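Input: a single structure, listed below in C-alpha cells.
The values are calculated or read from the model by the stated rules, or taken from the named source; none is laboratory data. Here the structure is a predicted model, which is why all the values come from computation and not from measurement. Cβ placement follows ideal geometry from the backbone for every residue including glycine, while neighbour counts extend to all protein chains displayed. To get the accessible areas, we keep the full protein, side chains included, count just its heavy atoms, and leave off ligands, DNA and RNA. Shrake-Rupley method; radii C 1.70, N 1.55, O 1.52, S 1.80 Å.
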Amino acid sequence: METLIPFLMASIIDNGVNTGNISHIYRTGGLMIVAASIGLLAGMAGGRFGAKASTGLAKNLRASMFEHIQTFSFSNIDKFSTAGLITRLTTDVTNIQNAYQMMLRMMMRAPASMICALIMAFTINRKLASIYLAAVIILGVILFFILTNATRYFRMAFPKYDAMNASVQENVSAIRVVKAYVREDYETDKFRQTSENIFRIFKKAENKLVMNAPLMQTTVYTCILLISWIGAKMIVSTTLTTGELMSLLAYCMNILMSLMMLSMVFVMLSMSTASMERISEVLNEESDLTNPEHPVMQVPDGSIRFQHVDFSYQPDSREPVLKDICLTIHSGETIGIIGGTGSAKTSLISLISRLYDATAGEVIVGGRNVREYDMEVLRNQVSVVLQSNVLFSGTIYENLRWGNKDATDEECRRACRLACADNFIQSFPDGYDTYIEQGGSNVSGGQKQRLCIARALLKKPKILILDDSTSAVDTATDANIRRAFREGIPDTTKLIISQRISSVQDADRIIVMENGQIDGFGTHEELLQTNAIYCEIYESQIKGGGDFDEKAGEL
Ligand SMILES: Nc1ncnc2c1ncn2[C@@H]1O[C@H](COP(=O)(O)OP(=O)(O)O)[C@@H](O)[C@H]1O
Ligand SMILES: [Mg+2]
C-alpha cells in the first residue's frame, strides 16, 4: 500500500490535474484513501500481533529457563553465578523480546517495501532509478561496517551487566553486614565503577551508531538533489512527466527509510545475539546428576557406607577435597563430626544426599549405591540442614511445610517441639502464623536454625544431617535438641557437624576430619585416648579456662 500511493499520486497529477479531468482526480483520490486505510489496519494488526508474539516469547523463554534451572545440580549452579542467572532471566530475555518484536515487524516489511519501491521506480524511469540502486549499495556497505564495529561493544557489555547485578545482589542481600562494617562508601564506589563500565561501553557503541543518522540524511538529500536536477532537465525535454518526478521523490524516501529500518533491525539483532548465546548456555546446560533408568523408590534403612571415596569439586583440580574415605555407620546411630573449617565436613555429607557425585569410590545408603535411587526419594529420606540455610517469605507453617507439604498442624508442632522451637514460636503474638520476612530477617540466628531443623524433621527422614545447625543456639538448648532427637527419633541416623565438642561428645561415635581425610573415628573416650587432634580441641574448649561450655555435656 505504501508503494501504491505515490503511484496513484503520479496518476492524479499527470492524468487529472494536467488534463483537467476532475472525475479522475476523485476516483484516484478515493483509491488512495482505501489504500491508506488498508495500510493502516494492516499496520495496526501487525503491531498488535507482534507485541503479543514477542511478549509471549519472552514469557515462554523465562518459564523454560526457570524450569531448567530447577533441575541444576549444585555443581551446575557453581558454574553460573547467581547474578549471572538473574541477568540472563531478565535483561537478556528483554533484549531478545525487543529484537524479536522489531524483527517481526520490520524484517518482512522493510525489504519488501524497498524492493517494491525499487521496481516501481525502475518502471517509471530506469536512468533515475539507478541513482537509488547506487545509493542503496553504497549505504549498505557503510552500514555494515558501522554495525559490525558497534556489535563488538555490545558483546562486551553483557558480562559487565553480570558484574553490576552481582554487586547489587551481594550488597542488598548483605545490607546489614555492610552497615555493621560501615562499608557503605566502599560498596557505593564499587557499584559506581561497575555501572560506569557499562556506561563507557554503551557510549562507545552508540558513538559508532551515531554516524548512522547523518549518513542517511546526506544520502537522502543527495539523491533528492540529483533527481530534482536531472528530473527537471528531463521534464523540460519532455522525457519525464511532473507526476512521475513526484512519485520518484516519494520512492526515494521510501527506499531509504526501509534501509534505515533494516539497519535498526541489524543493531537489535547484533545486540541480541550476545543474549541469545547466554540464554542458550543456560538452556543447553545438562544437569550432571541424573536419575538412573530403573530408580529404586525406597530407602530401606539409614545405614551409610563410604568405600574408598574421593571427591573434588572441579574435575581438573589436582588435589581432591576428600581423599580415600572409608567408613561404616549403622542405622539409628548418632554420629558427631568435628574438624577445622575447610577440613571438608560439608563436602563429606553433601555426598550422602547426592548433592554432588563422588569422583571415585562408592557412597552406599541403606545398602545401595546412592546413584541407584530416585533422587527425590533419596533427598526426602536423607534430610540435610545446610550450613547456610534459608527461610522463605511466608508464615512459619508455610515454611515448615516446605519439608512436607501434607504435614498436619500437629505434626508441625511436634517437629518444632523436637527442635526446641515450639516455645519461642508460641511467644510470638501470631504463633505459627507469624510471617517470616525474606531470608528470615525477623527471627534471630538461633531461632532460624531451629526452624530449619524442624523443617528437616517434618520429612521424617531415615537420615538427618545437621551441618553446624546449632551454632547460634545456646548450649543448654543445643543439648535439649539432642536429647529430644535421642528420645523422639531413635531410629533415624543422625549426623551432627559441629565446632563445639559439647555438641558431639555424647554421640555414639565421633568422626574427626582433617584435611579431607578421617583422622579418627570412635567414641569420645576412645578418641581422648588415641586422637591428638581431638584431645587438642577438647583441651582448648573444655579445660582451657573453663568457658561457658564447661558443663554443657551434662545438661
Ligand atoms: N562449591 C565449592 N566449589 C569449590 N570448592 C569448594 C566448594 N565448597 C567447598 N570447597 C572447598 O572444599 C574444601 C572443603 O570445604 P568444606 O567441605 O566446606 O569444609 P568444612 O565444611 O569442613 O568447613 C575447602 O577447601 C573449600 O575451599
Ligand atoms: Mg562446612
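Mean separation of Cα pairs under 8 Å and 6 or more residues apart, divided by the residue count, gives the stretch 1-160 a relative contact order of 22 percent.
Once backbone amide H atoms are built at 1.01 Å from N, Asp519 has Val512, Met513, Glu514 as its partners under 5 Å, excluding neighbours fewer than 5 places away on the same chain. Per-residue SASA remark: Cys116, around 60 Å² accessible (1.4 Å probe; ligands, DNA and RNA not included). Listed peptides 181-190, 415-424 appear in the order 415-424, 181-190 once ranked by packing, highest mean of other Cβ atoms within 10 Å at the front. In sequence order, the stretch 334-350 has phi-based couplings of 9, 10, x, 10, 10, x, x, 5, x, 7, 6, 5, 4, 4, 4, 6, 4 Hz under the Karplus curve 6.51 cos²θ - 1.76 cosθ + 1.60, θ = phi - 60°, and Gly or Pro positions carry x. Rounded to the nearest whole Hz, the Karplus-based 3J(HN,Hα) values (6.51 cos²θ - 1.76 cosθ + 1.60, θ = phi - 60°) of the stretch 93-103 follow the sequence 5, 4, 4, 5, 4, 5, 5, 5, 4, 4, 5, with x at glycine and proline. A 1.4 Å probe run over the chain, with the rest of the protein chains in place, finds 52 Å² accessible per residue. Element breakdown for the stretch 342-393 at a 1.4 angstrom probe: carbon and sulfur atoms account for 45% of the accessible area.
Here, P(r) means the percent of Cα pairs in each 10 Å bin from 0 to the largest distance; for the stretch 240-334 it is 11, 15, 19, 13, 10, 9, 8, 7, 5, 3, 0.
Taking Cβ atoms as reference points and 12 Å as the exclusive limit, the residues near Ala407 contribute a net charge of +2, counting Lys and Arg as +1 and Asp and Glu as -1. With the simple model of a label 7 Å out from the Cα in the direction of the Cβ, Glu277 to Phe424 spans 4.9 nm. Provide the net charge surrounding Ser237, with neighbours chosen by a C-beta distance below 14 Å and charges set as Lys +1, Arg +1, Asp -1, Glu -1. That sum, taken over residues with Cβ under 14 Å, equals +1.
Ordering of 508-516, 290-298, 58-66 by packing is 508-516, 58-66, 290-298, highest average first (other Cβ atoms within 10 Å, averaged per residue). Treating each Cα of the stretch 396-489 as an identical point scatterer and summing with the Debye formula, the log10 of I(q)/I(0) at q = 0.19, 0.22 Å⁻¹ comes to -0.86, -1.18.
What the Cβ-Cβ distance of Thr242 and Ala53 gives, at R0 = 45 Å and to the nearest 0.05, is a FRET efficiency of 0.55.
Counting only DSSP beta bridges with both residues in the chain, the antiparallel share comes to about 50 percent. Over all projection directions, the Cα-based convex hull of the stretch 427-536 averages an area of 8.6 nm². Cross-linked pairs Lys59/Lys462; Lys59/Lys179; Lys345/Lys448; Lys323/Lys405: Cα-Cα separations exceed 30 Å for Lys59/Lys462; Lys59/Lys179; Lys323/Lys405.
When each of the peptides 398-410, 464-476, 36-48 is scored by the mean number of other C-beta atoms lying within 10 Å of its residues, the order from highest to lowest reads 464-476, 398-410, 36-48. Quick check: the angle from helix 126-173's long axis to the longest principal axis of the chain, C-alpha only, nearest 10 degrees? With both axes taken from Cα atoms, the answer is about 20 degrees.
Within the assembled protein chains, the solvent-accessible surface assigned to Arg155 is about 100 Å², based on a 1.4 Å probe.
Counting protein heavy atoms only, the stretch 65-136 has 66 percent of its accessible area on carbon and sulfur, 1.4 angstrom probe. In plain terms, the bigger the Kirkwood radius, the slower the diffusion; for the chain, with that radius from Cα pairs, at 10 °C and 1.306 mPa s, Stokes-Einstein puts D at 53 µm²/s. Ranking of Ile329, Ile77, Ile124 by solvent-accessible surface, largest first: Ile77, Ile124, Ile329 (1.4 Å probe, protein heavy atoms only, all chains present). The phi-based Karplus calculation (6.51 cos²θ - 1.76 cosθ + 1.60; θ = phi - 60°) puts the 3J(HN,Hα) values of the stretch 447-458 at 5, 4, 4, 5, 5, 5, 5, 4, 4, 5, 5, 4 Hz, whole numbers, x for Gly and Pro.
Here the stretch 398-526 exposes an accessible surface that is 43 percent carbon and sulfur, computed with a 1.4 Å probe and the other protein chains kept in place.
For the stretch 198-266, the C-alpha radius of gyration sits at 1.55 times the compact-globule guess of 2.2 N^0.38 Å, with N the residue count.
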